[in-house]
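Here, each number is a calculation from the coordinates, and none is a lab measurement. Because the structure is a prediction, the values reported are computed rather than measured. Neighbour counts run over all protein chains shown; Cβ positions are idealised from the backbone, glycine included.
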Amino acid sequence: MTSSITSPSPATPDGPLAGRVAVVTGATSGIGAATARRLARGGAAVALFGRREDRLTGLAEELRPTSEGKILPVAVDITDSAALTEAAASVRAVLGRPDLVVANAGVMLGAPFETADTAEWDRMLDVNLRGLLLTGRAFVDDLLAAARTGGPADLAFVGSVGGHSLYPDWSVYCATKAAVAHLTRNLRAELGPRNVRVRNIEPGVTVTELGADMLDDNLRTALARMRTDLRPLAAEDIAETVAFTAAAPANVNMAEVVVVPVRQG
């Protein structure tokens, strides 16, 4: 599906995201890459996190000519706590203290429960939940510090409508996203009183690379059909949602945002 954004636009130096320092995980493709582009266009400095260094470098080169803020590509595996701690230190050294963290990295692997390769379960648990937890932990002190100085501080998780809807053969994936949803609610109760906005953005059917590497051929075919029949969202639609919620007044938190194509209902 062709992106609704055909070429970079100049950053907005006086926009609501100007001066902010953002971290986006899973920035090598899909929603992560689109979100990085949107935040940079809004004037934020952006750290691009992902495992595929060549893609990060290419995205950084694309963004720098039109970005008001600095762009920093950081090749890192978010499931590696020590590497993530080192990556966070690099962000502080180059861009300054982060005040907007978008924990987007994830994997989506479907299969019937009784035939699924449990290595796929391990991978989803590791990336979708453990990696998300480690990302939040790596930057929570920065967000609390930003909140203490009176500025906005955002921890945005990219979940899924699968966290509260029923999708046969996607049970373990949905379970990981249900965990994200309830983690968000509890962190809102824990960090909200200290002025950190924690939110869960839950996309419906969206065209990305998610699912392309799953082992089950039938589920890959079904996913492709769903993405054709429903007139799905583009990654840029979710990126706009991330930017919109981050630009809200500091005392406004759009805590749970479900974003679906109209035909998904």
Phi angles of region 234-250, converted by Karplus (6.51 cos²θ - 1.76 cosθ + 1.60, θ = phi - 60°) into ³J(HN,Hα) in whole Hz with x for Gly and Pro, give 9, 4, 5, 5, 6, 4, 4, 5, 4, 5, 4, 5, 6, 8, 5, x, 4
Percent relative contact order for region 117-230, counting Cα pairs under 8 Å at least six residues apart, stands at 27
Given backbone amide H placed at 1.01 Å from N, residues whose amide H is under 5 Å from that of ALA248, ignoring those fewer than 5 places away on the same chain, are none
With bins of 5 Å, the percent of all Cα-Cα pairs of the chain per bin from 0 is 1, 6, 14, 18, 20, 18, 12, 7, 3, 1, 0
Relative to the chain, whose Cα atoms define the longest principal axis, helix 30-41 and its Cα axis are tilted in degrees, nearest 10, by 20
Taking Cα pairs closer than 8 Å and at least 6 residues apart, the relative contact order of region 21-256 in percent is 20
Percent of all alpha-carbon pairs of region 90-242 at distances over 21 Å, whole number, is 49
Of 29-35, 114-120, ordering from highest average Cβ density within 10 Å down gives 29-35, 114-120
Here region 123-140 yields Karplus 3J(HN,Hα) values (6.51, -1.76, 1.60; θ = phi - 60°; whole Hz; Gly and Pro given as x) of 5, 5, 4, 5, 7, 5, 10, 5, x, 5, 4, 5, 4, x, 5, 5, 10, 5
Here region 91-98 yields Karplus 3J(HN,Hα) values (6.51, -1.76, 1.60; θ = phi - 60°; whole Hz; Gly and Pro given as x) of 4, 4, 5, 9, 9, x, 6, x
Expected sort for 137-148, 238-249 on mean C-beta neighbours within 10 Å, highest first, is 238-249, 137-148
The simple spin-label model distance between ARG52 and HIS182, using points 7 Å out along Cα→Cβ, in nm, is 3.4
For LEU100, other-chain or 5+-apart residues with amide H closer than 5 Å (H placed, Pro excluded) are VAL21, VAL23, ASP154
Using eta = 0.890 mPa s and T = 25 °C, Stokes-Einstein with Kirkwood Rh from Cα pairs puts D for region 120-189, in µm² s⁻¹, at 186
